[in-house]
Amino acid sequence: MWDNSPFPMPDGAKITDRQGDQYKVNVSIPLDADGFFGRQCPECSMLFRIHGDDYAALPEELRLWCVYCGHNADHGDFWTDQQRERALEAARALGAQIVQQGFARMARKARNSSRRGHVSVSFRSRPRYPRPLPEIDEERLARTRTCVGCEIRYGVFGEHRYCPSCGRLPAATVAFDALQAETARLDALSSLPDEIRATLREQGVFTRSWVDTIENVVGVVEALGSSMFHEHVTDAEERLRGKGSIFQRLDDMADLFVSAGFSDVRGSVGSSAWQRLLRTWAARHVFTHTDGVIDEKYLRRVPASRASVGQRLVISDADCREAIEDATALCRALVGIRPR
């Protein structure tokens, strides 16, 4: 380490090497109260955080993944705006002193020359005390995760699909995260003040949100079912040829796994829950294809319904929570599926 620098640096910045007129400056990045620091994707610009101890233990030649969009690049590309400004301030502090030193040298040369001529040159150099580096004041974490693969601790501010260290998250992790997010959304809507709830209810926000939940629940199971089938079945593509969106059709999906030699998820979930899931899937169909208007197909799938063709299906917060609970049980069955 080179430690004979004539330039005072602000706390948190230290000159560690010099090669000719090039200086290497180390700038500290403070951790938050929980030991995390920020990273910002150079592609989508969204922020996430990584635990400092876990980050220090990673290889020096490190490439990071954006937890949101999956952009993969050298870890040095993931500076946050505040971190970059902190580093630039350290560079400005050094640069100003180098410039000042240069002027002092020029003045000394001019004075020496003036002794032999008739020009008088003066230059007064004052001690320079660099300004403190800007603090890092980024958004605090509300949710932290530990990767099941590499065990790195990281924090996110939205829906994510990647670990910052090892990349794509397991399909099961994504599925359960998504279902928990649906519950969190329902909880947030339920906790709003009464006057806000009334306004949103009148504008149909609650109804729209509940419809979105039903559609999202089906999408979560569809994605997980497809992933599990491809993971466990060696000739998956051949078996799926010509079957269309089979993972959107519950009984067909269950039969598909059985035909490939695996246990029947209907037995793992239970008859009552399976019937409720069939009702949820039928609701998703009418909201996706007929704006919620009940058709013959819905009544065939839900024979116990007392509704008539042409009526619009009504769902509630309780329906959504029940659908999430049943879908969670189905996802557990898919993750734990085994050959018969």
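Each reported figure results from applying straightforward, stated rules to the coordinates on display, with no laboratory input. Not measured: the values here are computed from a predicted model. So basically every Cβ, Gly included, is an ideal-geometry build from the backbone, and we count neighbours across all protein chains shown.
Below are the figures for this structure:
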read-out: Cβ-placed point charges (K, R +1; D, E -1), dipole of the chain about Cα centre in debye, nearest 20; value: 1820 debye
read-out: C-alpha center-to-center spacing [the stretch 273-340, the stretch 220-243] in angstrom; value: 22 Å
read-out: Potential lengthening between Asp21 and His232 on full extension [0.36 nm per residue; Cα-Cα distance subtracted]; value: 70.0 nm
read-out: Cβ-derived FRET efficiency at R0 51 Å, Ile29 paired with Glu296, nearest 0.05; value: 0.25
read-out: Angle between the chain longest axis and helix 317-335 axis [Cα atoms, degrees, rounded to 10]; value: 80 degrees
read-out: Those residues of the stretch 278-297 whose amide nitrogen sits under 18 Å from the label point placed on Arg306, 7 Å along Cα→Cβ; value: 294
read-out: Computed [θ] at 222 nm, deg cm²/dmol, the chain (DSSP H ≥ 4; -39,500 (n - 2.57); rounded to nearest 500); value: -15500 deg cm²/dmol
read-out: Angle in degrees between helix 81-114 and the longest Cα principal axis of the chain, rounded to the nearest 10; value: 10 degrees
read-out: Overall form of the stretch 232-293 per C-alpha gyration tensor (a/c, 1.5; a/b vs b/c); value: oblate
read-out: Contour minus Cα-Cα distance for Glu202 and Cys44 (0.36 nm per residue); value: 53.3 nm
read-out: Residue among Ala273, Val286, Leu299 farthest towards the positive dipole end of the stretch 264-304, charges placed on Cβ; value: Ala273
read-out: Mean separation of Cα contacts under 8 Å (6+ apart) over length of the chain, as relative contact order %; value: 14 percent
read-out: Nearest-ten-degree value, helix 271-289 long axis tilted from longest Cα axis of the chain; value: 70 degrees
read-out: Additional length obtainable on full extension of the chain from Asp137 to Phe157, 0.36 nm per residue less Cα span; value: 5.7 nm
read-out: Dipole of the chain, positive direction: furthest Cα of Ala91, Ile214, Leu330, with charges on the beta-carbon; value: Ala91
read-out: Rough spin-label spacing in nm, given labels placed 7 Å along Cα→Cβ, for Leu278 and Ala57; value: 5.0 nm
read-out: Selected from Leu256, Leu278, Leu62 as most flexible by GNM, with the chain as the system and alpha-carbon contacts under 10 Å; value: Leu62
